[in-house]
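S.K.: Shown below is the structure under consideration.
The values are calculated or read from the model by the stated rules, or taken from the named source; none is laboratory data. Because the structure is predicted, anything quoted here is derived from the model rather than measured. Every residue, glycine as well, gets a Cβ built from its backbone with ideal geometry; the counts of neighbours run over all protein chains shown. Quick note on the areas: whole protein, heavy atoms, side chains included, nothing else; ligands and nucleic acids left out. Shrake-Rupley method; radii C 1.70, N 1.55, O 1.52, S 1.80 Å.
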Amino acid sequence: MDVTELWTKIVLWLREYAPVTAAALRPPDPPDLALLTAEFAIDLPAELTEWWCCCSGTDPDVLADVLPPFYTPYGPDGALRAWRAHREEWTAQWARPACDYYAGSPGSSYHPAWIPIAGDGFADELVVDLRPGPLRGCVLEWEQEAAQVLRPEWHGVSAMLAAVHRALVDGVPAGHSYATVTEDGRLDWQIR
């Protein structure tokens, strides 16, 4: 399945089984890709741009833990806001981040080629790693308190969405988390 089909199936599942989470998602609003590419100063992978054409995230300060273990997807505008905040916070190391050169490798300061795609409402995020190398486009977990990423969580946006879809439909784990639905209709990920 492609990114659009996976995201559509996830949203349909949420509407049926976790309607409060589904209601928090904004309707699709295709992004200005030229603006994003210019701002990020890097070519965006097709999987990411396809996802942003069908996923606009949530309104600011609205949480919907669609991605395990507790991440709310960003639309393009949320991703840009988060990336700009990192640029401001990491100004001193922006040109020379304390990170390995290749995608998927560890880092201990924020790298400009990490594009935020989801946040936990505090400071941790999922980022797409656009450094060069065979793992370019992989999804990493940025841990703000430790100021680090360790290893890829998924090989790309489609792999992440496929894992979420399987977890929802088949009841298997996505990473180390299992999908559950609260009594009030919210998707919740349980770490086991």
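One line per residue, one yes/no per condition, for (1) in a helix (DSSP H, G or I); (2) open to solvent by less than 50 Å² (accessible area, probe 1.4 Å); (3) touching a Gly at 6+ places or on another chain (Cβ under 6 Å); (4) among the aromatic types (Phe, Trp, Tyr):
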position	(1), (2), (3), (4)
LEU36	yes, yes, no, no
THR49	yes, yes, no, no
ASP65	no, yes, no, no
ARG81	yes, no, no, no
HIS86	yes, yes, no, no
ARG96	no, no, no, no
ALA103	no, yes, yes, no
PRO134	no, no, no, no
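S.K.: Tell me, yes or no, whether region 107-118 has at least one residue that is within 19 Å of ALA18 (Cβ to Cβ), touching a residue at least 24 places away in the same chain (Cβ under 8 Å) and part of a strand (DSSP E or B).
M.R.: Filtering region 107-118 down to residues within 19 Å of ALA18 (Cβ to Cβ) leaves 118.
In the following step, the residues that additionally are touching a residue at least 24 places away in the same chain (Cβ under 8 Å) were identified as 118.
Filter once more, so that each one left must be part of a strand (DSSP E or B): 118.
Among the residues of region 107-118, at least one is within 19 Å of ALA18 (Cβ to Cβ), touching a residue at least 24 places away in the same chain (Cβ under 8 Å) and part of a strand (DSSP E or B), which makes the answer yes.
S.K.: Got a sec? Which of LEU161, LEU168 is in contact with a strand residue (DSSP E or B) (Cβ under 7 Å, 6 or more places away or on another chain), open to solvent by less than 30 Å² (accessible area, probe 1.4 Å) and outside any loop (DSSP other than H, G, I, E, B)? Don't jump to the end; show me each part of the working.
M.R.: On the way: LEU161 fails: in contact with a strand residue (DSSP E or B) (Cβ under 7 Å, 6 or more places away or on another chain).
Going through LEU161, LEU168 in turn, just one is in contact with a strand residue (DSSP E or B) (Cβ under 7 Å, 6 or more places away or on another chain), open to solvent by less than 30 Å² (accessible area, probe 1.4 Å) and outside any loop (DSSP other than H, G, I, E, B): LEU168.
S.K.: Please pick out the residue among ASP100, ASP61 that is over 11 Å from the mean Cα position of the chain (by Cα), at positive phi and not hydroxyl-bearing (Ser, Thr, Tyr). Explain how you work it out, then say what you get.
M.R.: Numbers: ASP100 fails: at positive phi.
Going through ASP100, ASP61 in turn, just one is over 11 Å from the mean Cα position of the chain (by Cα), at positive phi and not hydroxyl-bearing (Ser, Thr, Tyr): ASP61.
S.K.: Something else: Checking the conditions here, which among GLU153, GLU145, GLU141 is open to solvent by 30 Å² or more (accessible area, probe 1.4 Å) and in a loop (DSSP other than H, G, I, E, B)?
M.R.: Just a single option satisfies the conditions, and that option is GLU145.
S.K.: Another question about this same structure. Could you grab the pairs with beta carbons closer than 6 Å, sequence gap of 6+ or different chains, first residue in region 3-18 and among the basic types (Lys, Arg), second one at pLDDT 95 or above?
M.R.: LYS9/HIS165; ARG15/ALA22
S.K.: Cβ contacts < 7 Å: first residue farther than 10 Å from LEU6 by Cα, restricted to region 161-174; second residue open to solvent by 60 Å² or more (accessible area, probe 1.4 Å) and aromatic (Phe, Trp, Tyr), any location; separation 6+ or different chain. Result?
M.R.: Going by the 7 Å Cβ cut-off, the qualifying pairs are ALA167/TYR178.
S.K.: Of these, SER177, SER158, which one is under 23 Å from TRP52 (Cα atoms) and small (Gly, Ala, Ser)? I'd like the intermediate steps shown before the answer.
M.R.: Working: SER177 fails: under 23 Å from TRP52 (Cα atoms).
Going through SER177, SER158 in turn, the sole match is SER158.
S.K.: Further question: Being within 17 Å of TRP83 (Cβ to Cβ) and not in a strand (DSSP E or B) is the filter here, so list the residues in region 123-132 that pass it. Step through it out loud before you land on a result.
M.R.: Within region 123-132, the subset within 17 Å of TRP83 (Cβ to Cβ) is 123-131.
Hits for region 123-132 are ALA123, ASP124, LEU130, ARG131.
S.K.: Right, next: Only one of these conditions is not met by THR91: (1) without any contact (Cβ under 8 Å) to a residue 24 or more places away in the chain; (2) among the β-branched types (Val, Ile, Thr); (3) closer than 22 Å to ALA163 by Cβ. Which number is it?
M.R.: In the conditions (1) without any contact (Cβ under 8 Å) to a residue 24 or more places away in the chain; (2) among the β-branched types (Val, Ile, Thr); (3) closer than 22 Å to ALA163 by Cβ, THR91 misses (3) alone.
S.K.: Just checking, does region 65-82 include any residue being closer than 26 Å to GLY133 by Cα and in contact with a Ser or Thr (Cβ under 7 Å, 6 or more places away or on another chain)?
M.R.: Looking through region 65-82, at least one residue is closer than 26 Å to GLY133 by Cα and in contact with a Ser or Thr (Cβ under 7 Å, 6 or more places away or on another chain).
S.K.: Looking at this structure, is GLY75 surrounded by fewer than 18 Cβ atoms within 10 Å (Cβ to Cβ) and at pLDDT 95 or above? Before the answer, list the steps.
M.R.: Numbers: surrounded by fewer than 18 Cβ atoms within 10 Å (Cβ to Cβ): no; at pLDDT 95 or above: yes.
In short, no.
S.K.: Taking ILE115 and the conditions (1) farther than 14 Å from GLN148 by Cα; (2) open to solvent by 10 Å² or more (accessible area, probe 1.4 Å), which numbered condition does it fall short on, given that it satisfies the others?
M.R.: (2)
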